[in-house]
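Accompanying notes for the structure given below.
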Amino acid sequence: MRSTPNRITLAVDALIMIDGKLVLVKRGREPFKGHYALPGGHVEYGEMTEEAVKREVLEETSLKTRVSSLFGVYSEPDRDPRGHTVSVVYELKKVGGKLRSGSDAAEVELVHPSRVPRLAFDHSEIVADFREKLRRKLD
């Protein structure tokens, strides 16, 4: 999906922890083909963001999830090379399914939050913010 000039695209991204590890997908398509990212994607017309994030996670990871909380909104205009994209980021809990790649995800992986490689888009920033939240919970 491409943004058109002077238009904003709406996306969702997911933070899912399983056994103390973060779910990442390796992108199977450009932009950032071959790079790891958080599961997520674009919101379809008429779709609520909460439903979009669960749909995207299911499509990319085969996991059934529920939204546990809103994590944040990321809106830096150049966060996506395709155009100005605003992402609503949610924390989700696994409620079913078996972790395996699907749709445009070439691979899925569980990674300890302190060992996350450089990620596509601004997902490294999102994960850094998430790690800070986890650190504050432990304090």
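Mind checking whether some residue in the stretch 69-78 is surrounded by 21 or more Cβ atoms within 10 Å (Cβ to Cβ), at pLDDT 95 or above and of a type in the set (A, V, I, L, M, F, W, C)?
no
Quick one: which residue in 8, 16 is exposed (fewer than 15 other Cβ atoms within 10 Å of the Cβ) and aliphatic (A, V, I, L, M)?
Criteria check complete, one pass: 8.
Being touching a residue at least 60 places away in the same chain (Cβ under 8 Å) and surrounded by fewer than 21 Cβ atoms within 10 Å (Cβ to Cβ) narrows it down to one of 29, 66, so name that one. Talk me through it step by step, then tell me what you get.
Details: 66 fails: touching a residue at least 60 places away in the same chain (Cβ under 8 Å).
Result of the check over 29, 66: 29.
Test residue 51 against the criterion of being acidic (Asp, Glu), within 18 Å of residue 10 (Cα to Cα) and out of contact with any helix residue (DSSP H, G or I) (no Cβ under 7 Å at 6 or more places or on another chain), and give yes or no. Steps first, please.
Values: acidic (Asp, Glu): yes; within 18 Å of residue 10 (Cα to Cα): yes; out of contact with any helix residue (DSSP H, G or I) (no Cβ under 7 Å at 6 or more places or on another chain): yes.
Judged against the criteria, residue 51 is a match.
Can you tell me which residue is farthest from residue 60 (Cα to Cα) among those in the stretch 103-132 that are part of a helix (DSSP H, G or I) and touching a residue at least 24 places away in the same chain (Cβ under 8 Å)? Let's see the steps before the verdict.
Initial filter on the stretch 103-132 (part of a helix (DSSP H, G or I)): 113-115, 123-132.
Next cut, touching a residue at least 24 places away in the same chain (Cβ under 8 Å) only: 113, 123, 125-127, 129-130.
Values: 113: 20, 123: 16, 125: 21, 126: 19, 127: 18, 129: 23, 130: 21 Å.
Within the stretch 103-132, the match that is farthest from residue 60 (Cα to Cα) is 129.
Among the residues of the stretch 1-31, which ones are farther than 19 Å from residue 75 by Cβ, touching a Pro at 6+ places or on another chain (Cβ under 9 Å) and of a type in the set (A, V, I, L, M, F, W, C)?
16, 17, 22, 23, 24, 25 - these are the residues of the stretch 1-31 that are farther than 19 Å from residue 75 by Cβ, touching a Pro at 6+ places or on another chain (Cβ under 9 Å) and of a type in the set (A, V, I, L, M, F, W, C).
Give me the pairs: first residue in the stretch 82-95 and without any contact (Cβ under 8 Å) to a residue 60 or more places away in the chain, second residue surrounded by fewer than 17 Cβ atoms within 10 Å (Cβ to Cβ), beta-carbon distance under 8 Å, and six or more apart or on different chains, which are they?
95/64; 95/66
The values are calculated or read from the model by the stated rules, or taken from the named source; none is laboratory data. For clarity, every value in this text was computed on a predicted model and none was experimentally measured. Cβ atoms come from the backbone with ideal geometry, glycine included; neighbour counts cover every protein chain shown.
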